[in-house]
């Protein structure tokens, strides 16, 4: 069994410090095997915001896999946006924009979907998918295969007017072919779970699509601050939704969903 804490959209620079402290306490008590952060660590990609994110990550009690989001690309510094869009992320958070974590039970690969040419939406390309599938091909046969992106592959009902990641259909077809079990995303500040079979009407083994809300930002979209805790077993995946309770000064589980998995069905 492996547990993964799925955090997203921290938005340091527009964060609630009480919630940040509570999130740190949650990580200390839950002791996940891996902590995934699916982008938007900062509000405006400023140096001091990345430094706050760096300090938070250094205190976490488990390995951390992080991908950037569109807010981690400078908005107002035009020269940096076009010439060095993720230089601060690389220097202060991590130089690898397609990080991975592999053990006997989980194989996790991150993909950078943030782009200089899009102010808000993201994109994924064939080269990234090819590299991802290559990394996952060497994982143990029974390991759960997990991909992390900032921009989502599915949209909850409350996200009308939003867009899935660019070239999503191409990417989803390839991810199904290389046996991915789960995609973890953020961006929308709305928690959601869905299936690739529903949106993409694809043949083959469906992928569980999990989105996290904003963990610590004050910029909420009808939901309280939250994060996900996944428990991955050989035959099942459960997803706990933990929501910030200001009165109790803690994150509390408010919903749980369970899904069956069978590695033998992997193509």
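The values are calculated or read from the model by the stated rules, or taken from the named source; none is laboratory data. Keep in mind the model is a prediction, meaning the values are calculated, not measured. So basically every Cβ, Gly included, is an ideal-geometry build from the backbone, and we count neighbours across all protein chains shown.
Would it be correct to say that residue 188 is touching a residue at least 12 places away in the same chain (Cβ under 8 Å), buried (at least 23 other Cβ atoms within 10 Å of the Cβ) and farther than 15 Å from residue 122 by Cα? Reasoning before the result, please.
Details: touching a residue at least 12 places away in the same chain (Cβ under 8 Å): yes; buried (at least 23 other Cβ atoms within 10 Å of the Cβ): yes; farther than 15 Å from residue 122 by Cα: no.
So residue 188 does not fit the description; no.
Search region 52-73 for residues being closer than 18 Å to residue 5 by Cβ and under 14 Å from the mean Cα position of the chain (by Cα), and hand back the single one that is surrounded by the most Cβ atoms within 10 Å (Cβ to Cβ). For region 52-73, the residue satisfying everything is 67.
To keep it simple, each residue is scored yes or no on (1) in contact with a helix residue (DSSP H, G or I) (Cβ under 6 Å, 6 or more places away or on another chain); (2) outside any loop (DSSP other than H, G, I, E, B); (3) closer than 17 Å to residue 208 by Cα.
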| residue | (1), (2), (3) |
| --- | --- |
| 230 | no, yes, yes |
| 234 | no, no, yes |
| 237 | no, yes, yes |
| 241 | no, yes, yes |
| 248 | no, no, no |
| 254 | no, yes, no |
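When restricted to residues that are modelled with pLDDT under 95 and in contact with a strand residue (DSSP E or B) (Cβ under 6 Å, 6 or more places away or on another chain), region 148-172 contains 1. Pairing residues of region 198-226 that are touching a residue at least 24 places away in the same chain (Cβ under 8 Å) and on the phi > 0 side of the Ramachandran plot with residues that are part of a loop (DSSP other than H, G, I, E, B) and crowded, with 18+ Cβ neighbours inside 10 Å, at Cβ distances under 8 Å and at least 6 apart in sequence or on separate chains, gives 222/190.
Of all residues in region 43-51, one or more are under 20 Å from residue 189 (Cβ atoms) and surrounded by 24 or more Cβ atoms within 10 Å (Cβ to Cβ).
The residues of region 112-137 that are at pLDDT 95 or above, over 15 Å from residue 177 (Cβ atoms) and over 19 Å from the mean Cα position of the chain (by Cα) amount to a single one, 127. Within region 74-95, being surrounded by 16 or more Cβ atoms within 10 Å (Cβ to Cβ) and at pLDDT 95 or above holds for 88, 89, 92, 93, 94. Only one of the numbered conditions (1) in a loop (DSSP other than H, G, I, E, B); (2) at pLDDT 95 or above is violated by residue 108, and that is (1).
Have a look at 39, 22, 13 and point out the one that is at pLDDT 95 or above, surrounded by 17 or more Cβ atoms within 10 Å (Cβ to Cβ), over 14 Å from the mean Cα position of the chain (by Cα) and on the phi > 0 side of the Ramachandran plot. Don't jump to the end; show me each part of the working.
Details: 39 fails: over 14 Å from the mean Cα position of the chain (by Cα); 22 fails: on the phi > 0 side of the Ramachandran plot.
The match here is 13.
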